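S.K.: Below you'll find the structure I mean.
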Amino acid sequence: MESVEIYSKLNNVFHDVFDDDEIVVHPNLTADDVDGWDSLRHVRLLLTVEQTFGVKFSASEAIKLNNVGDLANLVQSKIKS
Amino acid sequence: MQTSSSNVLRSDQRGSLYWLPQPPPDFIQRCRSVLNSSEGIGDRINAIASYDLNENHLNRIANVLAKTREAKYALEPLIPFRLAILSNSTTDFIAPALIASAARHGIALECVRSGYGQVVQEALSPTSAIYSQQPDAVLIALDYRGYPLATSVGDVDAAKATVTAALDHLQIIREGIRTHGKAICIVQNLCSPVEQLVGNLDRITPGTFRSLVDEINQGIARSIAGTHDLLFDVTALSENVGLAEWHSPAQWNMAKLPFSSTYLPLYAEHVARLIATLRGKSRRCLILDLDNTVWGGVIGDDGLEGIQLAQGDAIGEAFLSVQRYALELRKRGILLAVSSKNYDEVARAPFRKHPEMLLREEHITVFQANWNDKAANIKAISEELSLGLDAMVLLDDNPIERDMVRQLLPQVAVPELPADPAYYVQTLSAGGYFEAVTFSDEDARRPALYQDNARRVTLQKQAGNVDSYLASLRMVITFQPFDAAGRARITQLINKSNQFNLTTRRYTEADVAALERDPNSFTLQVRLADTLGDNGMISVVICRLAGEDVWEIDTWLMSCRVLGRHVESAVLQELLNHAKQHSIRKFAGRYIPTQRNRLVEAHYEKLGFVPAGREFDGTAFWELDVALAQVIAPPMEVRRQGFEEATPIISH
């Protein structure tokens, strides 16, 4: 899957999870930039990303994520393998 | 073979509420527009909640409900209900899913949550949040990790002590709730963890997870029977899903989710059903369509010998199991009714004469077989039985009928059905329409109390605005002359249509091919599509030049699936268009009666033809003067392909 396509799907996921269609995802986006991105919403986000792309994240992968760029890269590596 | 499609169907169903229709493309806009007006908010929320929604959809609806409450808008006709949740796991995700799912069942739910891991403290302290909010019910959502559950493989005494301790634990919580308020308890039973210790022997070895969970579940069931408290059978839910699917160790570790979040919509739906049933919402009558729902095939076209209903035939077996399940439901007190587009005596024939039929007229309380729309018939059934529309469930294989009834009578439950009839029973059962919180002998006897079995009731009025419903379907009708691509389907329709068939003339594929090139014939193959999908080819017409300027209508047939949608008048308009192009002055039609085509006896009369004689065998002749024919605009978009002449395009 192209990186553009991953970001476009992630954009929809963010709109859904945060119920906010104004969000524009980009690689440097972090929890500090989005209203309501607390630990529970983070779980909801990861679960929705898993469902959307049909992938599974391990706990060790999940804790290494620092921003949306990391998340997109992780998704891409899962889809390839 | 059916096997592969069945497998696809099953994996598609994973975690989904597959008996509900898919959410519309404008779901998000519809959520936003709920608050546009303070009138009818409850109904709008109920409507958008009534789809196969995922967790994020449910969260949106819960947010809308929260905003409605902030603005202090009325939520009628939703019935208020306050539920406290005691759980040993994270309930942050469960609460919004429950709130939205309850709206689907007509309940305006508020949730009060306990602190994480404080189940017993909250239950025993009179000052805890769950009591100050005076909940109507408390959901005790403990999973196996919330009980003192120590394994002791093979040690009978230790196992007994563990079971007793677990049941005591639950008892203390329930007694606390009973002491401090009026709430009833909804008690969740346990799903065994997947891990085995001895293997197959686990089930019969005391002190293993399987054995402990089995014993505790039996103890929970015993402790609830005969009380006002309710059992929430999560064990059954997880069995239906599959334990390995149900549990997600990763999600438990990450966020203390008690089961895989994939199944949250399903879990919430089941809790919502219990709450709705507590508030008196339950369905009492199953209305059955007949053709391709209760038997395979179309009785009016295929006849008694042609319908599929035999033991040993995979398709026949599927329909027999629908009948068997309907009879089981009747035994437990659900009334059965019939609503079918058919002639009454034709529809009743299998009930009376087919040797394989399990359903008989005596099982059917109201039997509506006629050509009126189903919404009107369902309304008549509901009035006749003095049961509300919200007590009705319609089982119908035809997506248009389902959609139309949902639009015109939103209170009626209409499950989506998969393509394979083998899954009809599973789908009807999964819909959970007949949930009950109590069951008495009287319930079981109810169907027998209704006298005059299989009675027919007269329709008083139309149930709603059918025309505006048809307009909302955005039908697109496509006309083409016969061609090689359509040949097989045209031949099939010519040889199998019996009911909507004016002359019942059969032709071979070679005959049809010859018509494609015959300069003295004019042919139409007609397709119909709408917002619900493509119906494919649904009508065929053959005109033959008779004399200089007359088209004799040799064949006019239509699939009964598109009855009542003005397709006939659209076809006539198209014929008139082409007649003018070909300088045709007159149409000559004939109706040749058979045992099965009485449906179209008045076809030409309805379309404005005038009588032109009748033969001793009942064949009736009709004529239409092209210049005098009324030009009307049927409620659909018209498309044309493959005509040589320059047809003026009339768009509507």
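Quick note: the coordinates plus some simple rules give every number you see, no bench work behind them. These figures come from a predicted structure and were not determined experimentally. Reconstructed Cβ throughout: ideal geometry from the backbone, glycine too, with neighbour counts over all protein chains shown.
S.K.: Which of the three applies to the range B:468-620, rounded, prolate or oblate, going by the alpha-carbon gyration tensor with a ≥ b ≥ c and a/c under 1.5 meaning rounded?
M.R.: rounded
S.K.: Another question, then. With both partners inside the range B:285-469, how many of the DSSP beta bridges are antiparallel, as a percent to the nearest 5?
M.R.: Bridges in the range B:285-469 are about 5 percent antiparallel.
S.K.: Please turn the phi angles of the range B:555-562 into ³J(HN,Hα) values with the Karplus equation 6.51 cos²θ - 1.76 cosθ + 1.60 (θ = phi - 60°), one per residue in order, whole Hz, x for glycine and proline.
M.R.: These are the phi-based 3J(HN,Hα) values: 9, 9, 9, 8, 6, 5, 4, 10 Hz.
S.K.: Here is a follow-up. For chain A, just the Cα set please: Rg and Dmax, both in angstrom.
M.R.: Considering chain A through its Cα atoms, Rg and Dmax are 11.6, 33 Å.
S.K.: Within 10 Å of each Cβ in peptide A:34-47, how many partner chain Cβ atoms are there on average? Round it to a whole number, please.
M.R.: Per-residue shielding by partner chains comes out at 3.
S.K.: Can you give the average number of partner chain beta-carbon atoms within 10 Å of each beta-carbon in peptide B:26-32, as a whole number?
M.R.: 1
S.K.: Could you order peptides B:615-622, B:267-274, B:205-212 by the average number of other Cβ atoms within 10 Å of their residues, highest first?
M.R.: Sorting B:615-622, B:267-274, B:205-212 by mean packing, highest first, produces B:267-274, B:205-212, B:615-622.
S.K.: Report, please, the projected area of chain B averaged over directions, based on the convex hull of its C-alpha atoms, in nm².
M.R.: 34.2 nm²
S.K.: Oh, and also: Just want to confirm a number: the relative contact order over chain A, from Cα pairs under 8 angstrom separated by 6+ residues, in percent.
M.R.: With pairs under 8 Å counted, the relative contact order is 39 percent.
S.K.: Over the alpha carbons of the range B:78-278, what is the largest minus smallest coordinate on each principal axis, giving the biggest first in Å?
M.R.: 50, 35, 32
S.K.: Restricting the count to DSSP beta bridges whose residues both fall in the protein assembly as shown, what percent are antiparallel, rounded to a multiple of 5?
M.R.: If we restrict to bridges inside the protein assembly as shown, about 45 percent are antiparallel.
S.K.: Sort the following peptides by mean Cβ neighbour count (other Cβ atoms within 10 Å, averaged over residues), highest first: A:56-69, B:518-531.
M.R.: The densest-packed peptide leads the list: B:518-531, A:56-69.
S.K.: What percent does the relative contact order of chain B come to when contacts are Cα pairs within less than 8 Å and at least six residues apart?
M.R.: Relative contact order, chain B: 9 percent.
S.K.: Another question about this same structure. Find the relative contact order for the range B:151-253 and round it to a whole percent, using C-alpha pairs within less than 8 Å whose residues are 6+ positions apart.
M.R.: Across the range B:151-253, relative contact order equals 34 percent.
S.K.: Translational diffusion coefficient of the protein assembly as shown at 10 °C, 1.306 mPa s, Stokes-Einstein with Kirkwood Rh over Cα pairs, in µm²/s as a whole number.
M.R.: Rounded to a whole number, D works out at 54 µm²/s.
S.K.: Taking a cut-off of 18 Å between Cα atoms, list the aspartates and glutamates near B:Lys182, but don't count ones fewer than 8 places away on the same chain.
M.R.: Reachable aspartates and glutamates: B:Glu110, B:Glu122, B:Asp136, B:Asp229.
S.K.: Count the net charge of all other residues whose Cβ sits under 14 Å from the Cβ of B:Ser282, scoring Lys and Arg as +1 and Asp and Glu as -1.
M.R.: +4
S.K.: What is the Cα coordinate range of the range B:285-469 on the first, second and third principal axes, sorted by size from largest, in whole angstrom?
M.R.: Largest to smallest, the principal-axis extents are 44, 39, 32 Å.
S.K.: Rounded, prolate or oblate: which one fits the range B:224-278, using the alpha carbon gyration tensor with axes a ≥ b ≥ c (rounded when a/c is under 1.5, else prolate when a/b beats b/c, else oblate)?
M.R.: Since a/c reaches 1.5 and a/b is larger than b/c, the shape of the range B:224-278 is classed as prolate.
S.K.: Turning to a different aspect of this structure: Given points 7 Å out from each Cα along the Cα-Cβ axis, report the B:Ala66 to B:Arg203 separation in nanometres with one decimal.
M.R.: Going by the 7 Å Cα→Cβ label model, 4.5 nm.
S.K.: Check B:Ala612: other-chain or 5+ apart residues with amide H under 5 Å from its amide H, H built from backbone geometry?
M.R.: B:Phe621, B:Trp622, B:Glu623
S.K.: Run the reach check for B:Lys331 against aspartates and glutamates, Cα to Cα strictly under 19 Å, same-chain hits fewer than 8 apart removed. What comes back?
M.R.: Output for B:Lys331: B:Glu361, B:Glu362, B:Glu435, B:Asp441, B:Glu442, B:Asp443, B:Asp452.
S.K.: Among all the lysines, which ones have a C-alpha under 21 Å from B:Lys379's C-alpha, if same-chain residues fewer than 8 places away are not counted?
M.R.: By straight Cα distance, B:Lys379 reaches B:Lys281, B:Lys341, B:Lys461.
S.K.: A further question on this structure: Within 10 Å of each Cβ in peptide B:60-66, how many partner chain Cβ atoms are there on average? Round it to a whole number, please.
M.R.: Shielding by partners across B:60-66 averages 1.
S.K.: Which of the peptides B:407-420, B:367-380 is most tightly packed, and how do the rest follow, judged by the mean count of other Cβ atoms within 10 Å per residue?
M.R.: Ranked from most to least packed, the peptides come out as B:367-380, B:407-420.
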